[in-house]
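Trainee: I'd like to ask you about the structure that follows.
The values are calculated or read from the model by the stated rules, or taken from the named source; none is laboratory data. Computed from a prediction, not measured in an experiment: that's the story for all the values here. Reconstructed Cβ throughout: ideal geometry from the backbone, glycine too, with neighbour counts over all protein chains shown.
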């Protein structure tokens, strides 16, 4: 019989308010032993720790649910995969195979989409800064260009002169939809007339013409009425433009912003309760199009959903490297993954799940990463049983933004694996090493 390890006894205050999030604070444990039928312990043994894991099955299931919610209500809808949400090549390919266009917000992302075989006509080019040289390439390749500001519009006028063509464009607008903060930084404002004046300028110069109206009202939008208001204002502007300039707006684009089943900090109900369903979002948008459409023809509807589609299909597996007792009595665990890999930890409370059920009572604990930085805190206050070195913790959902925003800071970025629909595992990104991160000295 092995001897129990001796630990200096401590007296800790137990905050029973935590029971609302974790169940009984003393006995409850959240456990995840597998992803898509593959044991987490075996994944870490085979592929290392920390490691990002993506599930193709979950990606496709979520995509089909959202697409069916819209396509069953509206005759002409198209998704465009938001590259900034997750631009790993294999992830993008899955969405393109499902029928998505590319939605990009920089020349880097545009070049990535083209390198993946996406034709210019199937790229939506958004963003507040599009270098003129890249804007010209996008025009020549037939990309859908969404104008963000007057300087960009002037660049397009010059490009039109250089190429001796008239360029089709869409305009990005912002408006008050009752959400806070209002995303007024991008595009032209609807309420103060800036949007209409920019459109008038387009028609006055005659060098570009309007084919689409786009708005992206924010991120993690929990109130579907905000989409109803955005759609209403887009449709009203569409009618005004078509009447005033005797033109046809071919499409409207409602951007993204649909929430995932992630737990936003400051909201104490679970994501299952507060996050609208795919049908809720679809009802708000499509019903409003039908209500306010005054044309004989319905516009094509584009959606640039990212977080809602990918977040829950992504996991980060990380291991306990050690632990210590803080002066206040709280136990601090050191993990091999930190805020360098979990950028969104600022806004979300992740699901923290153990690889099996452990003996012993839970106690107030903190999860820290491996960085030599005091801000490297993944979870500041949760109840955990005694965990030894090498124990594996699963953190989710992390599919949206975490890998693309992960920092090459202090530690190498980890590998990424994909579990495909047949249950096979393959690397889609190898772990970085000195060769991949070494900077060329001038």
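Trainee: Of the residues 42, 61, which single one is over 21 Å from the mean Cα position of the chain (by Cα), outside any loop (DSSP other than H, G, I, E, B), modelled with pLDDT of 95 or more and surrounded by fewer than 17 Cβ atoms within 10 Å (Cβ to Cβ)? So that I can check it myself, show each step before the final result.
Mentor: Numbers: 61 fails: over 21 Å from the mean Cα position of the chain (by Cα).
Result of the check over 42, 61: 42.
Trainee: Among what's in segment 377-424 and is more than 23 Å from the chain's Cα centre (by Cα) and in a strand (DSSP E or B), pick the residue that is surrounded by the most Cβ atoms within 10 Å (Cβ to Cβ).
Mentor: Of all residues in segment 377-424, those more than 23 Å from the chain's Cα centre (by Cα) come to 380-392, 410-411, 422-424.
Imposing the further condition that a residue be in a strand (DSSP E or B) reduces the set to 380-384, 392.
Values: 380: 13, 381: 13, 382: 18, 383: 22, 384: 25, 392: 23.
Out of the qualifying residues, it is 384.
Trainee: Then there is this: Read through the list (1) within 17 Å of residue 47 (Cα to Cα); (2) touching a helix residue (DSSP H, G or I) at 6+ places or on another chain (Cβ under 7 Å), then give the number of the only condition that residue 402 fails.
Mentor: Result: residue 402 fails condition (1) only.
Trainee: Within segment 227-329, which helices (runs of 4 or more DSSP H) (wholly inside it) include 1 or more residues that are touching a helix residue (DSSP H, G or I) at 6+ places or on another chain (Cβ under 8 Å) and on the phi < 0 side of the Ramachandran plot?
Mentor: Working: elements: 271-274, 278-292, 307-310.
Helices (runs of 4 or more DSSP H) meeting the threshold: 278-292, 307-310.
Trainee: For the condition assigned by TED's automatic domain parsing to the domain that holds residue 248 and either more than 30 Å from residue 231 (Cα to Cα) or surrounded by fewer than 19 Cβ atoms within 10 Å (Cβ to Cβ) (or both), what is the one hit in 170, 143, 160? Can you show your working first?
Mentor: Details: 170 fails: either more than 30 Å from residue 231 (Cα to Cα) or surrounded by fewer than 19 Cβ atoms within 10 Å (Cβ to Cβ) (or both); 143 fails: either more than 30 Å from residue 231 (Cα to Cα) or surrounded by fewer than 19 Cβ atoms within 10 Å (Cβ to Cβ) (or both).
Exactly one residue qualifies, and that residue is 160.
Trainee: Across segment 258-277, what is the total count of residues that are over 16 Å from residue 396 (Cα atoms) and either surrounded by fewer than 19 Cβ atoms within 10 Å (Cβ to Cβ) or more than 18 Å from the chain's Cα centre (by Cα) (or both)?
Mentor: Residues that pass the stated criteria total 8.
Trainee: Condition test on residue 364, is it modelled with pLDDT under 95, farther than 26 Å from residue 400 by Cβ and surrounded by fewer than 17 Cβ atoms within 10 Å (Cβ to Cβ)?
Mentor: Details: modelled with pLDDT under 95: yes; farther than 26 Å from residue 400 by Cβ: yes; surrounded by fewer than 17 Cβ atoms within 10 Å (Cβ to Cβ): no.
When the stated conditions are applied, residue 364 does not pass them.
Trainee: Let me ask something else about it. Yes or no: residue 324 more than 20 Å from the chain's Cα centre (by Cα) and either without any contact (Cβ under 8 Å) to a residue 60 or more places away in the chain or closer than 30 Å to residue 431 by Cα (or both)? Working first, answer last.
Mentor: On the way: more than 20 Å from the chain's Cα centre (by Cα): yes; either without any contact (Cβ under 8 Å) to a residue 60 or more places away in the chain or closer than 30 Å to residue 431 by Cα (or both): yes.
In short, yes.
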